[in-house]
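Here the structure is laid out as structure tokens; the discussion comes afterwards.
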Ligand SMILES: [Zn+2]
């Protein structure tokens, strides 16, 4: 928990320092005062060109993976953190040009002294963007708040994140259906995807790899398509975007956070990126290649099973024809 909070605070501190220190060099796009240097590409950008580049990156990711189609109704899961509020602002600009309609869905898990602030921030921010917001609570949906559910574990070895993750996903799907959406967008960023990729490797679980592919066509149990428009955007750049745009995001981490392994992997990937700028994109390419090869393999297995079934049926019919003297 402490590691998670420290990481959040570190990102905010770094972004503030970058802005405060500035740069004696000029923006490569407009010649204004640069406030950010993108180490993996060498770009130096001013405030406006940097924030525009994040919007453009999101737009390109949506097009690259064909995430949005004309007439889509998109429900964005908004927690009130920097990632989801940044995405709410960006998607409110992008969705209109795609002929799509944007909604926001927020889940109140019932975490005392934590969630109330985020729900309130999200309500006022969504209202300022004219985005309809649906708020659902664990208590209304499941009869318990998360705090109450955790008290009822009675020593069972199940983590708060396991309960919350499953309940949240279902609650977001319910919210999406209530507003009439056919697509659920989440603000998972490049760092989130890479951490999940490595966690699955350490757990020996390759079946979940296909979920990492932002172009995967799988749907939820409610038949909703899932998209991740920040799939190719660095977490630190989203934090900087939120800071430059002065978004009212909640910076305090969840008090139930139990992400020890994820924090270690996050620190490891970030230290590699510092030494080898751009390594995150190389790792993403590896993750996508593996995810797609598994999808192809699954399709081949399904095709073989179908051929085998057809062959067995054909043999059976032939046998019946011979046995019944109907074979010509
Ligand atoms: Zn500029």
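Any read-out appearing in this document is the output of simple, stated calculations on the displayed coordinates, not a laboratory observation. Note that the structure is predicted; figures quoted are calculated from it, not measured. Methodologically, a virtual Cβ is constructed for each residue, glycine included, from the backbone with ideal geometry; neighbour enumeration extends over all protein chains shown.
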> Hey, fewest Cβ within 10 Å first, where do 39, 186 land in order?
Replying inline: 39, 186
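Send over the per residue convex hull volume for the stretch 56-305, Cα only, as a whole number of Å³.
148
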>> Using only the alpha carbons of the stretch 122-169, what is the convex hull's orientation-averaged projected area in square nanometres?
In response: 4.1
> Fully extended, how many nm does the chain gain between residue 25 and residue 294 (0.36 nm per residue separation, minus their Cα-Cα distance)?
Replying inline: 92.2 nm
